[in-house]
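Structure, as structure tokens:
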Amino acid sequence: MIVKLICQEEHTVMLENILFKNHIAINDEAEILVVEKNMAYEDKYHLVIVFNKDYLHTLINTLQGLCQEDLQTNMLMGKLGDAWVPINVDDIVYISAQGNDTYANLDLGRSIKIKYKLYQLEEIILSKNYIRINKSEIVNIKKIKSISPMFGGNLLIYLEGYKTALDISRNYVKDFKERMGIR
């Protein structure tokens, strides 16, 4: 889950740490606002959660409950042109980061921009069917067609619906091989 946080300056670091430990990311572009009581904010958010600092445990429980709802739906929202479209997580072949943007790459080469960062997807949303292969890509292991060794210890993987192979960098090869049962 991603939220925007507005609170008193002396509470910021503490709340950021609490949210991070509970797998809740903070981003100023989020559509959910978590705001401390008596703080000013714009009325442009889909959901506003106002909290009193004396009841942080209730805030965290509420946010965790919302995260569980996201996980149970197994859906992400993506931006296609001016419209938001639902993406079934199981339909994603791989996810790539390009600069500050993240894209869900689907069958037939379709690519849809999503609001999450790779680390957020790894920690919060993606199931055990996904694995990081390099600093900018996560793949759906159910969509792997073949794996080929490369010079220098790297691996190449070919994915369903894609002609171009993706490189598994040396830093990720050991975990990838263990996960896939390759010796």
Exercise for the section: List the lysines whose Cα lies under 30 Å from the Cα of residue 53, skipping any in the same chain that are fewer than 8 positions away. Expected result: 4, 21, 37, 44, 115, 117
Practice task
Principal axes first, then extents: for the Cα atoms of region 3-47, list largest minus smallest coordinate on each axis, whole Å, largest first.
Solution key: 27, 21, 13
Completion exercise
Computed from every Cα-Cα pair in the chain, P(r) in 5 Å bins starting at 0 and rounded to whole percents is 1, 7, 15, 18, 16, 13, 11, 8, 6, 4, 1, 0, 0
Problem - Relative contact order (%) - criterion: Cα under 8 Å, at least six apart; region: the chain - result: 13
Fill in the blank from the handout: For region 80-180 (alpha-carbon point model, no solvent) the Debye-based log₁₀ I(q)/I(0) at q = 0.18, 0.19 Å⁻¹ works out to -0.84, -0.93
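We did not get these values from a lab; they are worked out from the coordinates using the rules stated. Not measured: the values here are computed from a predicted model.
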